[in-house]
Structures are given as C-alpha cells and as structure tokens.
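Comments concern the structure below.
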Amino acid sequence: MKAAAQLARSYPSEQNAQGTDTYETSRTEWQSSSAILTSKVVSQEQSETLPMPPVSVGVDHVNGHNSTARVPHHQKPLTVNDLSPTPMHGSNLRVAYQGVPGAYSEAAAAKAYHNCEAIPCDQFEVAFQAVELWTADRAVLPVENSLGGSIHRNYDLLLRHRLHIVGEVHLPVHHCLLALPGVRKELLTRVISHPQGLAQCERTLTKLGLNVSRKAVEDTAGAAEFIAANNLRDTAAIASARAAEIYGLEILEDGIQDDASNVTRFVMLAREPIVPRTDRPFKTSIVFAHEKGTSVLFKVLSALAFRDISLTKIESRPNHNRPIRLVDDANVGTAKHFEYMFYIDFEASMAETRAQNALSEVQEFTSFLRVLGSYPMDMTPWSPSSSTSHTASSYTDLSLSQTIPPRPTGIGKEGPGG
Ligand SMILES: O=C(O)C(=O)Cc1ccccc1
C-alpha cells in the first residue's frame, strides 16, 4: 500500500470514520474520587473486574423471520445522527491525574472536562494504567512549562504506553508559599514541592531572602499535605491556594512564580484516538527515530516547512532502545554517537492532505514513526494574573463525541517504545 493511503487509513477523514465514544460502558462503581489510586489498587481492580469491551448496539431481527421481534408502529428510522453519543462536556468522565487533590493536574482535568470525576493517582504510571484498564477514561499529563521547560519523564511515558493524545490544555500556574498557621518565614529551613514548582519559583525564593534548602517531592499538593500531616513547622510548600485550603495551611506569599505569565501545558490521553477534523485548529504530535544518514532532522523539518506547516514544539530524548551508536574507524578509533527520539508538535490536523503527505515523506527517512495524537488546540482566552482555580472554560474535547475504534497506532514502521 502506498504510504499516503496507509496514512489516510490510519487517520480516517470525518466522512468515513465510525466515531463512537465507549467510556460510558466501562464504569466501575467502587472508585471514589477521595481514594488515591496506587499500582496495587489498579492491579487488584484488574483481577476483580475484567476490562469491558465497548458495548455494541444490539440490532434485533426486524425482517419478520424472528418471532420475538417487535416492530413498533410509527417509529422513526434511526439515522446516523442517532448513533453519535451526545457530548457530555466531561460530566461523569473519570480523569486520572498524578498527585493529590489540590494539584495543578487536578485543575487541568477540571478545565478540560468540566464536572469530571478527577481520580488522584500516586504515580503517572498508575494514571496511565488506570486508563488502560478502564478504571479511568482519560489521564492528564503535564508535558511542558513556560518557565521550567519540558517534563522529560512524561515524554518517555508517552512512548512507553499506547495511549493517544486527544486534547491539550494550557493552565496558568499561580504558586503560593504555604506553611502551618502561625509559622513565620524567618523560621523556615526547607521548601518542598514538585521539581517544576521549585524551578518556577527559584529566583523569587532567593529574592525573598529565605535561607532554605529545596527538596523535590512527587506533587505540589502532596508537599502541602505532607507538611500538615507531619506538623512540620520548619518547612514550607510551593503549591496552589486550593491546596492551602484543603490541607489547612496559611499562604505566606502569593504569586511567587518567577514570571506572572507562568503557564503549563497538559495533554489529555485516552485509549482511542479521536477523529481528526478540519473545521477548527488542530495540532498533531509525532515521535520518530532517525535512520543513519545526514541531515535527517533537517529533512523532517523541511517536509513540514514545504507544506507551510508550523512547528510548535521540538524535543529530543535518549533512544532507550539504542542509546549509543558506535562507529569504528580503523585508523582513529571508535566514535560514540548518542541516539535520539525526536518529539515534534505541528499545527495541522491529520485529516489534512498536507499533513498526511508530510508524514509519508517523513516516513521515508525515519526508522520509527508514531503519531501520538491529532487533537484540537486549546484556544481558550487566558489571563496570566488569575490564580489557578476550577473554573469552567469553553474548552471542548472532541473525543467526548468522537472517537475511532482501537487499532494499531503506528503508521507503518513500528519499533521501539512498546
Ligand atoms: O504537582 C502538581 O501539582 C502538578 O500537577 C505538576 C505541576 C507542578 C508544577 C506546575 C505545574 C504542574
């Protein structure tokens, strides 16, 4: 099959896609939002309830041969519109995030899916597994921050798992310095937070003249919870105002991020990709490894540039399958080249011919290529000064009304990452 045709098959156009959203069929009642998912809980869930397959629409025999069939009078025939579920705008959707209540990821889940049930998980790995095993419908993953840069660990996770990016959210992040009631700043010896929290407030902490050590923990709200649970009077947390409220801490300083327009980008992950569209701005995320050869990255970028496709992000990570390539030269010795995986986001939908053609070309000079997702861009108006909260937004996740059935995610060559 020609590469372009293969691509078209991997990403069906709006017209030929059989979009069904299946998450309503997979509910398990035991999960309450107050419990934190751990890997143990997820595997226990797996042994108790098998992941349910999508429910198919039961079609009765209505041709007269089936004696049990009932043919209601004056019933309107089903049309294709009756088959697409009503968008739920996030209500009842179970969204797994890493951290405890009050974490920014929880706020991102609420921004993406208004009224969703946010499920705290103790690790990202667990959030991914929760979706894979149908304990959750979506996972929320912070991938980059305007000050702290890429969250590398999470890029590696995207590759290790088979989930699809179905949306993105930009969340303004407004950090506070939190401590137990009555604690004075001068008494602090330690500040704890997520590494991104520490990185985003580094200069302000110094400016405040605090003589404190920095300690990284799993999540910002977890830092606040830890201080409260252990009655630590010498330690402060960098976390949200909401975390202060939940864990009974006081806000010593408000808005301590080094830049007022501090924003974190989160991606939303699902078991199934959405049907890409062309009626609103879309972004596509890919990851590839390059073949031996010259100027591979240049060629990939050219394939996009020639088609007027803008790049919004590029990241490289070690290729864990083959971190080093040795090149022997009989006279000089052995050169050691590091091997990379490149992650690229570009502004186009996989429903567009130009994106399909660009990726067919990219496929020619890469040894591995995977489309992580083609999804609507977050176009919500954004005010940097507001503090992070659970406000509703006009964000719409098209995956709530349109998903395409599971299928291999690669577009031809598949290699590392599984
Ligand atoms: O730890 C959290 O609250 C997170 O959700 C991760 C994070 C940390 C700092 C800024 C943005 C996201």
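The values are calculated or read from the model by the stated rules, or taken from the named source; none is laboratory data. Everything numeric here is computed off the predicted structure, so don't read it as measured data. Neighbour counts are summed over all protein chains in view; Cβ atoms, including those assigned to glycine, are modelled from backbone coordinates with ideal geometry.
The rows are residues; the columns are (1) among the aliphatic types (A, V, I, L, M); (2) within 12 Å of the ligand (Cβ to nearest atom); (3) in contact (Cβ under 8 Å) with a residue 60 or more places away in the chain.
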position	(1), (2), (3)
173	yes, yes, yes
206	no, no, no
209	no, no, no
265	no, yes, yes
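Here's a check for you: in segment 189-204, which residue that is more than 12 Å from the ligand (Cβ to nearest atom) and either under 19 Å from residue 120 (Cβ atoms) or of a type in the set (S, T, N, Q) (or both) is nearest to the chain's Cα centre (by Cα)?
Applying the first criterion (more than 12 Å from the ligand (Cβ to nearest atom)) to segment 189-204 yields 189-191, 202-204.
Imposing the further condition that a residue be either under 19 Å from residue 120 (Cβ atoms) or of a type in the set (S, T, N, Q) (or both) reduces the set to 189, 204.
Numbers: 189: 35, 204: 29 Å.
By that ranking, first place goes to 204.
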Taking segment 247-282 and keeping only residues that are hydroxyl-bearing (Ser, Thr, Tyr), in contact with a strand residue (DSSP E or B) (Cβ under 9 Å, 6 or more places away or on another chain) and assigned to a loop (DSSP other than H, G, I, E, B), one is left with 261
Apart from one, (1) on the phi < 0 side of the Ramachandran plot; (2) away from the ligand (no atom under 15 Å from the Cβ); (3) among the small types (Gly, Ala, Ser) all hold for residue 239; the odd one out is (2)
The lone condition residue 365 fails out of (1) out of contact with any Pro (no Cβ under 8 Å at 6 or more places or on another chain); (2) at pLDDT 90 or above; (3) among the aromatic types (Phe, Trp, Tyr) is (2)
Inset, instruction - Considering every residue within segment 213-225, establish whether at least one is crowded, with 19+ Cβ neighbours inside 10 Å and either away from the ligand (no atom under 16 Å from the Cβ) or over 28 Å from residue 128 (Cα atoms) (or both). - result: no
- Evaluate segment 345-355: report whether one residue or more is out of contact with any Pro (no Cβ under 6 Å at 6 or more places or on another chain), buried (at least 16 other Cβ atoms within 10 Å of the Cβ) and modelled with pLDDT under 95. no
- Item | Test for residue 229: is it under 23 Å from residue 38 (Cα atoms) and surrounded by fewer than 24 Cβ atoms within 10 Å (Cβ to Cβ) | yes
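For every residue, the table says whether it meets (1) at pLDDT 95 or above; (2) of a type outside the set (A, V, I, L, M, F, W, C); (3) touching an Asp or Glu at 6+ places or on another chain (Cβ under 6 Å); (4) farther than 12 Å from residue 284 by Cα.
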{"position": "307", "(1), (2), (3), (4)": "yes, yes, no, yes"}
{"position": "311", "(1), (2), (3), (4)": "yes, no, no, no"}
{"position": "315", "(1), (2), (3), (4)": "no, yes, no, yes"}
{"position": "319", "(1), (2), (3), (4)": "no, yes, yes, yes"}
{"position": "324", "(1), (2), (3), (4)": "no, no, no, yes"}
{"position": "327", "(1), (2), (3), (4)": "no, no, no, yes"}
{"position": "331", "(1), (2), (3), (4)": "no, yes, no, yes"}
{"position": "340", "(1), (2), (3), (4)": "no, yes, no, yes"}
{"position": "343", "(1), (2), (3), (4)": "yes, yes, yes, no"}
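Residue check: is residue 292 touching a Lys or Arg at 6+ places or on another chain (Cβ under 9 Å), of a type outside the set (Phe, Trp, Tyr) and not in a loop (DSSP other than H, G, I, E, B)? Give the derivation first.
Details: touching a Lys or Arg at 6+ places or on another chain (Cβ under 9 Å): yes; of a type outside the set (Phe, Trp, Tyr): yes; not in a loop (DSSP other than H, G, I, E, B): no.
The answer is no for residue 292.
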Exercise for the section: Answer yes if at least one residue in segment 289-312 is under 20 Å from the mean Cα position of the chain (by Cα) and crowded, with 16+ Cβ neighbours inside 10 Å, and no otherwise. Expected result: no
Filter segment 146-185 for residues that are over 19 Å from residue 239 (Cα atoms) and of a type in the set (D, E, K, R); the one that is modelled with the highest pLDDT is 168
Please work out if residue 206 is at pLDDT below 95 and either surrounded by fewer than 24 Cβ atoms within 10 Å (Cβ to Cβ) or closer than 23 Å to residue 153 by Cβ (or both).
yes
Of the listed residues (277, 271), the one being surrounded by 13 or more Cβ atoms within 10 Å (Cβ to Cβ), more than 16 Å from the ligand (Cβ to nearest atom) and farther than 25 Å from residue 99 by Cα is 277
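Checking the conditions here, which among 106, 186, 132, 117 is on the phi < 0 side of the Ramachandran plot and within 16 Å of the ligand (Cβ to nearest atom)?
Working: 186 fails: within 16 Å of the ligand (Cβ to nearest atom); 132 fails: within 16 Å of the ligand (Cβ to nearest atom); 117 fails: within 16 Å of the ligand (Cβ to nearest atom).
Being on the phi < 0 side of the Ramachandran plot and within 16 Å of the ligand (Cβ to nearest atom) holds for just one of 106, 186, 132, 117, which is 106.
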